[in-house]
Amino acid sequence: MELLLVEDTTRLATAIARGLREEGHVVTIAATGAAALARLARRDIDLAILDLGLPDLDGMEVLARVRADGNPVPILVLTARDALTARVAALDAGADDYLIKPFAFDELLARVRALARRAAAPRWAPLACGRVVIASDDGRVEVAGKAVALSPREHALLVAFLRRRGETLGRPELLREVFGYDFDPGTNVVDVHVAHLRRKLVGGGAAITTVRGQGYRLDEDPDA
Ligand code: CA
């Protein structure tokens, strides 16, 4: 994969890049937010690792601009800000996952692998339920023939539901598969994203049902 590492601490950037290259990735380092935005605008990066503490722009600003630009590149945020509010803010701004500094390199590799799997998976087959369709070529989502804009997380959530339609997906499972957590972050992040997604699927002939005490399920529903 072609990775962009946005990190201004040279020693750390060099060490992380070396490890990622040993894993077979092509790694470009950007030391400023401006350099990161310029590189990401070329749309040929498969995954970005973004430090929030940058000398010019705050990493959160970089994140917001990338998403405002409609760029769906998976982004793993690195942060020394351990506060729950900071983590939730990063996820809300469109980060796909985050890692708190200091972290073990193996943990970084595991997160990169998980994000890569999620990003790569839907390309070979169309996913559909009712009149909700994810195009197999570019991942575009249509509900009853109309293009609908989903955030990267809503998109990942929809993919998870479409792959296993008719099955109940539990919160821990969704947290792990869609959000990349192997622990409970203690927020209602799943419920919030499901609620957003549900609203966007109205009229699509498919409905996400709440299964009390268990999780959520997507089924075809002609009335939905
Ligand atoms: Ca930094």
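Points to keep in mind about this one:
- Only Lys, Arg (+1) and Asp, Glu (-1) charged, at Cβ; region 97-210 dipole about Cα centre in debye: 340
- Check: the chain dipole with +1 on Lys, Arg Cβ and -1 on Asp, Glu Cβ, in debye: 360
- As a proxy for reagent exposure, ranking LYS101, LYS200, LYS146 by other Cβ atoms within 10 Å from fewest up yields LYS146, LYS101, LYS200.
- A Cα-only calculation for region 127-220 places Rg and Dmax at 12.5, 37 Å.
- Cα gyration tensor shape for region 1-67, rounded if a/c is under 1.5, else prolate or oblate: oblate
- With the simple spin-label model, which puts each label point 7 Å out from Cα in the Cβ direction, the ALA34 to ALA110 separation comes to 3.9 nm.
- Under the simplified labelling scheme, the ALA83-ARG43 pair shows an inter-label distance of 3.7 nm, with each label point 7 Å from Cα along Cα→Cβ.
- 222 nm mean residue ellipticity, helices alone, for the chain (DSSP H n ≥ 4; -39,500 (n - 2.57); rounded to 500): -11500 deg cm²/dmol
- For region 2-117, the equivalent ellipsoid derived from the Cα gyration tensor has semi-axes of 18, 16, 14 Å, listed largest first.
- Diagonalising the gyration tensor over the Cα atoms of the chain and scaling each eigenvalue by 5 before taking the square root yields semi-axes of 32, 18, 16 Å, largest first.
- Relative contact order of the chain: 14 percent, from C-alpha pairs under 8 Å at least 6 residues apart in sequence.
- Centre-to-centre separation between the Cα atoms of region 7-40 and those of region 144-190: 29 Å.
- With contacts taken as Cα pairs under 8 Å and at least 6 residues apart, region 127-220 reaches a relative contact order of 33 percent.
Only the coordinates and a few stated rules stand behind these numbers; no lab work does. What you see is a predicted model; the values in this text were computed from it and never measured. Cβ sites come from the backbone with ideal geometry, for glycine too, and all protein chains shown count toward neighbours.
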